[in-house]
Structures are given as structure tokens and as C-alpha cells.
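Remarks on the structure that follows.
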Amino acid sequence: MIVGTAGHIDHGKTALVRALTGVDTDRLKEEKARGITIDLGFAYLPAPDNTLGFVDVPGHEKFVHNMLAGAGGIDFVLLAVAADDGVMPQTSEHLAIVDLLGVNRGIVALTKVDLVPAERRQAVIADIARLLEGTGLAASEIVPVSTVSGEGLATLRSRLLAAAQSAHARSTKGRFRLAIDRSFSLVGVGTVVTGTVLSGAVTAGEHVTISPSGMPARVRSIHAQNCPADRGQAGERCALNLAGDGIAKDVIHRGDMVLHPELHAPTDRIDATLRVLACEPKPITQWMPVRLHHAAAELGARLVLLDEGPIAPGGQSRIQLVLERPIAAVVGDRFVVRDTSAQRTIGGGRFLDPRAPARKRRTPQRIAQLDACLNDDCERALAALSECAPGYVDLNAFSRDRALCAEEVACFAKTLNLVTITSQRSVLAMSPQRWNDLERGLVARLAAFHVDNPDLPGLGLERLRLQLEPRLPAAAFASALQALARAKQIAFDGAWIRLPGHEMRLTGSEQSLWRKVEPLLAAKERFRPPRVRDIAGMIDRSEGDVRGLLKLLGRLGKVDEVAHDHFFLRGAVTEMVEIAADLAAKAPDGQFTAAQFRDRLENGRKVAIQILEFFDRHGVTLRRGDLRRINKARLGLFRRPADERSSSMDNGRESSPVGRPDFKSGRGR
Ligand SMILES: Nc1nc2c(ncn2[C@@H]2O[C@H](COP(=O)(O)OP(=O)(O)OP(=O)(O)O)[C@@H](O)[C@H]2O)c(=O)[nH]1
Ligand SMILES: [Mg+2]
């Protein structure tokens with residue numbers, strides 16, 4: 001458990017930490033000289049099964065930013081209020097800050113009780129109780145103490161140890177994040193960073209990323225809660241010895257994060273909730289500049305109001321934070337905003353979405369997404385988001401932006417019965433309802449297209465994609481189509497997508513024309529059929545009619561245009577491929593000449609060469625000089641008419657890219 005001190009200057013915070021741990025955390029020369037705390041101090045109190053870490057903060061109004069850097073990762077607050085002074089400005093401000101940060105466990109130390117009579121104690125205790133009202137710390141115990149007389153110290157220590165025992169260990173399930181509050185270099189060790197582990201765990205030897213800079217590093221060794229350890233985890237203060245190209249104390253700063261590499265995705269635009277403190281003098285207006293404090297980071301930002309009108313003091317609303325530089329942030333992180341001259345705390349809240357849009361940030365669709373993100377529970381947030389625009393959730397982004405492991409999010413998707421579409425780029429999840437709508441829409445679209453275009457094989461992927469809702473990214477759409485082809489809902493015809501039952505049909509007049517043309521291409525003349533112009537003359541039709549018909553039959557896979565205006569029946573082409581294959585098989589080196597081919601076809605030289613060049617173009621034969629070989633991989637190319645071909649994408653794939661509850665082979669990822 002990490003305990004953070006809080007309270008007005010000189011109210012005895014550092015003295016308390018020293019009395020509890022034996023460590024004087026005021027180490028700086030200037031701190032000693034002035035008798036005040038300036039920067040964060042750290043100390044530890046070993047306890048049976050949960051070492052207590054203390055973060056001692058300064059109370060001076062000039063150093064509230066340092067207090068904020070320390071308060072970012074605490075579980076429990078130790079609020080010091082001096083019995084002689086009573087409640088003072090930074091008593092209230094620190095309390096407001098820890099409340100905004102969501103810290104709702106704590107204890108109040110009424111310090112320096114040796115200096116005041118009993119009635120004064122009671123009066124200050126009553127003031128404190130009033131101050132706590134309405135905060136997450138209301139009803140916290142108030143313990144009178146004195147580091148001079150020793151009164152109350154044993155009680156305070158036992159209360160803290162009890163709190164540590166009952167503390168819910170922070171979940172270590174998520175991905176590793178550590179908020180850096182110090183970076184220094186130790187002789188013989190190298191670069192060391194310290195901070196609180198916000199989520200997950202890290203082990204020695206692991207690779208991590210410094211964010212937002214993106215520098216990769218390796219964790220050489222770890223100290224957790226002040227002791228050498230193999231592993232550091234959520235809720236512990238850790239010192240990491242980092243190694244890597246360019247890693248040095250000067251390139252890593254307070255406010256940076258050490259992350260599991262998959263989490264590195266800095267953002268400078270975040271949608272959030274904002275609660276404005278009641279003591280704020282004026283309402284919050286559009287584009288107001290503020291200082292943003294998040295974990296140990298501090299930077300400039302502007303506030304964009306997402307709901308109606310200015311936000312009144314004491315009010316709460318949705319906002320967008322536009323940052324002066326990117327930071328590492330995840331959904332649910334708490335933040336505080338202060339005024340630009342760093343004199344007062346304005347308010348704070350919770351990040352809802354670190355991928356906030358710069359435009360269309362107030363549309364009903366966007367507001368619905370933000371409402372979904374209000375769910376603290378990630379599984380419920382996922383369920384709600386899957387019902388929002390754009391109609392699917394990118395699970396990789398979802399887990400990254402919540403510091404969750406992909407496996408955990410895959411489990412949520414499974415529990416929620418979501419349909420997942422896996423492509424090389426992403427894993428998308430959709431509600432079963434949306435998936436059914438998409439599937440139905442797709443089939444209906446193809447059916448309508450076939451009715452309007454009976455002579456076309458089908459629709460192209462991109463055209464189909466752009467006509468459907470939700471509009472999936474291209475790679476995901478291709479994966480979804482593969483799954484639908486496997487389920488025999490659709491079929492691929494080369495580059496075209498069609499319904500499995502669709503056959504291009506000839507109209508009545510086309511059929512009667514074909515009945516006249518087909519015999520001319522068949523039988524004995526099949527290896528040297530008449531050309532378009534000859535056919536037109538033979539049956540007294542225009543060349544255009546004959547050419548149009550044969551082109552259409554080409555799309556149907558019934559004929560092949562071997563040379564310009566020279567169409568062969570598909571069966572004849574199949575036979576000619578077999579003849580070429582036979583010639584090659586009988587030749588000792590697998591090669592044959594055009595003359596050998598011509599002799600087998602009993603054909604003219606010119607036509608034989610045109611046929612072989614047609615095979616060359618389609619890769620059925622491979623030509624070198626006067627000789628040709630057969631390309632076995634292409635032998636099947638002219639074997640069957642197109643409408644008997646099954647989806648080529650079905651072959652050789654083991655698992656479905658789309659996982660859904662009723663797909664037997666469906667897998668979450
Ligand atoms: N009489 C008396 N003096 C105390 C007690 N606790 C602290 N002091 C004195 O109060 C002064 C301030 O104590 P610190 O512990 O430095 O106060 P702090 O809250 O850490 O101050 P900042 O960190 O600067 O905000 C010191 O001179 C202490 O010796 C106490 O219980 N009784
Ligand atoms: Mg101090």
C-alpha cells in the first residue's frame with residue numbers, strides 16, 4: 001500500500017513520516033536550510049505482508065505541483081492538520097486534490113496536540129469533520145498525535161498497518177505502467193527511474209518503452225518497496241535500472257511513463273469528465289487554458305466544452321483536453337487542472353477516451369460513445385461501445401487504451417457473445433445483432449445486383465464494402481467475406497463476389513444466337529474455329545452482335561478469346577492444354593517446340609503459335625527461345641467453367657477469421 005501525506009505547510013507531515021519510519025525524507029540542502037519540504041520524499045515501513053510505502057509531499061502553496069506528482073499513485077492519504085493552526089488553505093486544497101484523484105481511503109492526523117489545550121483539539125476536530133463532509137474521505141478517523149510527546153503515534157501506526165492489511169491489492173492483470181517521479185544515475189549501476197506501478201507487473205530482463213518519447217529500454221534490475229526484487233507490480237513503488245541505446249537520466253523526466261511496449265501510443269487530445277470545485281470563482285468557459293496534472297506529469301492544456309454552456313463552480317460536465325504535447329494516458333486515469341499561474345486548483349476528473357476526435361466531437365454518435373466509456377467496468381464498456389457507431393470495436397485499441405491484456409479483452413468479447421473479425425491489421429468485435437444486419441445487408445445487396453445485372457459475375461470487394469453498414473476497414477471486410485464464403489453464404493468468382501446460386505444468364509435472343517454459333521466452334525473445327533468476322537458472314541449477323549455474345553460467354557467461362565476476335569470453346573482449350581502437357585511429359589527434358597504442338601493439333605503454324613502465346617500469357621506454359629515447358633501450378637486454369645469453381649480463398653486455411661458463438665470453428669482471436 002502506498003500512503004501519501006497531505007496538508008498545509010509546517011503541519012508536521014515530514015515529522016510524522018520520520019516518527020513512523022525513522023527516515024527523514026527532507027534530504028535536499030535547501031529543505032534542511034529552510035525547514036520545509038520542497039520535493040517528494042520517500043520512506044518505507046516494513047509490515048508483515050504488505051510493506052507500507054510513504055510519499056511525503058510539500059505543503060507550501062508554491063509546490064502544489066510536486067504534491068500532485070506524488071499524489072498521483074497513492075492508495076491511502078495521511079492528512080496532517082496542526083492542532084494549533086487548524087484548517088488552512090492547503091489543508092482544503094490537498095484534500096480537494098486527493099478527492100478529485102479518487103482517493104477514498106485515509107486517516108487524519110491532528111498533529112502538534114502537545115501545543116494546545118483539550119478544548120482547542122475538539123474545536124479543530126469539528127472543523128476537520130465539516131471539511132471532510134461531501135468528500136470520499138467523509139467519516140475518516142481523526143487521530144490526535146504529537147511527535148514531541150509521542151501521543152497517538154502507536155494508534156496511528158496500528159491504524160495504518162490495519163489499513164494495509166485490508167487494502168485490496170491492485171489488480172496485476174493489466175499491462176505494466178509505471179509513472180516516473182525521479183530519474184537519476186548511480187555510479188556502477190547506471191540509469192535508474194523510480195515511481196509507482198499503476199498497473200500490471202514487470203520482471204527483470206523485460207523490454208519496456210519510455211513514453212511519450214518512445215525510447216525502448218530493458219529492465220536490468222528492480223527494487224520493489226525499497227528491496228531488491230525480480231518483479232515489481234501494481235501498488236508498489238519501484239526503482240528500475242534501465243539499459244538501452246541512448247537511455248540516460250537526462251532523457252527521462254518526471255511525468256514520463258515506463259510502459260509495456262504495446263501500450264505506447266501517446267495522445268494530445270483526450271475526452272474526459274470534469275468536476276469543477278465549488279470554490280472556483282468563475283464558470284469554466286470555452287478554450288480556457290489550464291495546467292493539467294496527470295500521474296506525475298504536468299503540462300499546459302486547453303478545455304473544450306462538450307456539453308451545453310459554461311461549467312458553473314461545483315458543476316460537472318464532459319470536456320475535451322487539448323494538450324500542448326502528447327502524454328501516455330489510459331481510460332479511467334484521474335487528472336487535476338489548476339490555473340495557468342499555478343495558484344489554485346480548478347477541478348479534475350477522469351479520462352474517458354484518449355483517442356478523442358478533433359472534429360465532430362459533439363455529435364450524438366460521439367456523445368453515445370462517451371456515455372459508453374463512462375462505465376468503470378471494462379466489460380460493460382465494451383458491451384456498450386459495441387452498440388455505438390461505427391458499429392464495431394477495435395479490440396487491440398480497446399485493450400491498449402485501458403492497459404489491459406489482449407487475452408483478457410478476448411474473454412470479455414467471448415462472454416458478451418461478440419462476433420470477432422480477425423485480420424492482419426486488427427481484431428474487430430461486433431454485436432451479434434450488427435453482424436447479422438451486415439450479413440443480411442450484404443446478401444440483399446448481392447441479390448439486388450444480380451437481378452439488375454444478370455450478365456455480370458458479381459460485385460467487386462471495394463464497391464460492396466462501400467455500400468454496407470457498418471463500413472468495415474478493407475482488411476477486416478476481406479476477412480469477413482472469407483468467413484461468409486466458408487459458410488457458403490457467398491462465393492468468390494475471381495475478383496468478383498456473388499451469391500452461390502447466381503449464374504449469369506443469357507437472354508432469349510442471346511440463347512438463340514448462341515445455338516447458331518456454338519456448332520461452328522465445336523467438333524472437328526474446334527482447334528481452328530472461325531473468327532468473329534467469318535461467323536458473322538456464315539450466319540448473316542453483324543460482327544458486333546457476334547463479338548458481344550462471345551465476350552459474354554467468355555465471362556461465363558464457356559469460351560476463351562485466344563487471339564483478338566478468335567474465340568475457342570473452353571472444352572477445346574482444356575484439350576489443348578492436355579495435349580501440351582502430354583508433349584512435355586513425353587519429352588526427356590520436359591520441353592517441346594511449336595512445330596510439335598502444331599502437328600498434334602493438325603493446325604496451321606500461325607494459329608498454333610497464337611494458342612501457345614495465349615498459354616504463355618496465362619502462365620500455363622513457360623517459354624525459353626523456341627522451347628516451352630509446362631507450369632504445373634497453372635495446369636488447372638482452364639479446367640472447369642467459372643461457375644463450377646469454388647472459393648479459392650477457402651483452400652488451405654485452418655481457422656476462421658470470424659469467431660462467433662455459432663461458428664463451430666470460431667475462435668476469439
Ligand atoms: N511541538 C510540535 N512540533 C512539531 C510536531 N510535529 C512537527 N513539529 C514541528 O513543526 C515544524 C514543521 O514540521 P514538518 O514535519 O517539517 O512539517 P511539514 O508538514 O512536513 O512541512 P512542509 O513539508 O514544509 O509542508 C518542525 O519544526 C517540527 O519540528 C509536534 O507534534 N509537536
Ligand atoms: Mg515536510
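The values are calculated or read from the model by the stated rules, or taken from the named source; none is laboratory data. This one's a predicted model, so the numbers in the text were calculated from it and none came from an experiment. Cβ atoms come from the backbone with ideal geometry, glycine included; neighbour counts cover every protein chain shown. Surface areas here come from the heavy atoms of the whole protein model, side chains and all, with no ligands, DNA or RNA. Shrake-Rupley method; radii C 1.70, N 1.55, O 1.52, S 1.80 Å.
What the table below lists for this structure:
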{"read-out": "Residue that is at pLDDT below 95 and either in contact with a strand residue (DSSP E or B) (Cβ under 8 Å, 6 or more places away or on another chain) or away from ligand 1 (no atom under 12 Å from the Cβ) (or both), where the choices are GLY7, GLY73", "value": "GLY73"}
{"read-out": "Among (1) within 11 Å of ligand 1 (Cβ to nearest atom); (2) open to solvent by less than 20 Å² (accessible area, probe 1.4 Å), the one test that LEU95 misses", "value": "(1)"}
{"read-out": "Matching residues, the stretch 341-355, being buried (at least 23 other Cβ atoms within 10 Å of the Cβ) and within 20 Å of the chain's Cα centre (by Cα)", "value": "LEU352, PRO354"}
{"read-out": "Leading residue by the ranking (farthest from HIS168 (Cα to Cα)) among those in the stretch 45-65 that are touching a strand residue (DSSP E or B) at 6+ places or on another chain (Cβ under 6 Å) and within 14 Å of ligand 2 (Cβ to nearest atom)", "value": "VAL57"}
{"read-out": "Strands (runs of 3 or more DSSP E) contained entirely in the stretch 422-514, each with at least 1 residues that are at pLDDT 95 or above", "value": "427-430"}
{"read-out": "Qualifying residue in the stretch 533-542 (condition: of a type in the set (A, V, I, L, M), in a loop (DSSP other than H, G, I, E, B) and either buried (at least 19 other Cβ atoms within 10 Å of the Cβ) or at pLDDT below 90 (or both))", "value": "no"}
{"read-out": "The listed residue being assigned to a helix (DSSP H, G or I) and more than 30 Å from LEU274 (Cα to Cα), out of ALA410, ALA381, ALA372, ALA397", "value": "ALA410"}
{"read-out": "Considering residues of the stretch 554-612 that are assigned to a helix (DSSP H, G or I), within 21 Å of PRO457 (Cβ to Cβ) and of a type outside the set (S, T, N, Q) only, the residue modelled with the highest pLDDT", "value": "VAL573"}
{"read-out": "Options ALA80, ALA19, ALA15; residue that is open to solvent by 20 Å² or more (accessible area, probe 1.4 Å), within 11 Å of ligand 2 (Cβ to nearest atom) and either of a type outside the set (Lys, Arg) or in a strand (DSSP E or B) (or both)", "value": "ALA15"}
{"read-out": "Condition check for ALA495: hydrophobic (A, V, I, L, M, F, W, C) and buried (at least 16 other Cβ atoms within 10 Å of the Cβ)", "value": "no"}
{"read-out": "Members of the stretch 197-215 that are in contact (Cβ under 8 Å) with a residue 40 or more places away in the chain, of a type in the set (Ser, Thr, Tyr) and open to solvent by 10 Å² or more (accessible area, probe 1.4 Å)", "value": "SER199, THR209, SER213"}
{"read-out": "Condition check for ARG170: among the basic types (Lys, Arg), in contact (Cβ under 8 Å) with a residue 60 or more places away in the chain, in contact with a Ser or Thr (Cβ under 8 Å, 6 or more places away or on another chain) and open to solvent by less than 10 Å² (accessible area, probe 1.4 Å)", "value": "no"}
{"read-out": "Odd one out for LYS32 among (1) open to solvent by less than 10 Å² (accessible area, probe 1.4 Å); (2) within 12 Å of ligand 2 (Cβ to nearest atom); (3) part of a helix (DSSP H, G or I)", "value": "(1)"}
{"read-out": "Leading residue by the ranking (modelled with the highest pLDDT) among those in the stretch 10-57 that are within 8 Å of ligand 1 (Cβ to nearest atom) and hydroxyl-bearing (Ser, Thr, Tyr)", "value": "THR14"}
{"read-out": "Test result for THR5, assigned to a strand (DSSP E or B), within 11 Å of ligand 2 (Cβ to nearest atom) and either farther than 28 Å from ALA118 by Cα or of a type outside the set (Asp, Glu) (or both)", "value": "yes"}
{"read-out": "Any hit, the stretch 204-227, residues being away from ligand 1 (no atom under 16 Å from the Cβ), in contact with a Phe, Trp or Tyr (Cβ under 8 Å, 6 or more places away or on another chain) and modelled with pLDDT under 95", "value": "yes"}
{"read-out": "Within the stretch 107-214, strands (runs of 3 or more DSSP E) holding 2 or more residues that are in contact with a strand residue (DSSP E or B) (Cβ under 7 Å, 6 or more places away or on another chain) and among the basic types (Lys, Arg)", "value": "177-186"}
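Here's the yes/no breakdown for (1) within 20 Å of ASP268 (Cα to Cα); (2) touching a helix residue (DSSP H, G or I) at 6+ places or on another chain (Cβ under 8 Å); (3) touching a residue at least 40 places away in the same chain (Cβ under 8 Å):
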{"residue": "VAL331", "(1), (2), (3)": "yes, yes, yes"}
{"residue": "VAL337", "(1), (2), (3)": "yes, no, yes"}
{"residue": "GLY348", "(1), (2), (3)": "yes, yes, yes"}
{"residue": "THR363", "(1), (2), (3)": "no, no, no"}
{"residue": "ILE367", "(1), (2), (3)": "yes, no, yes"}
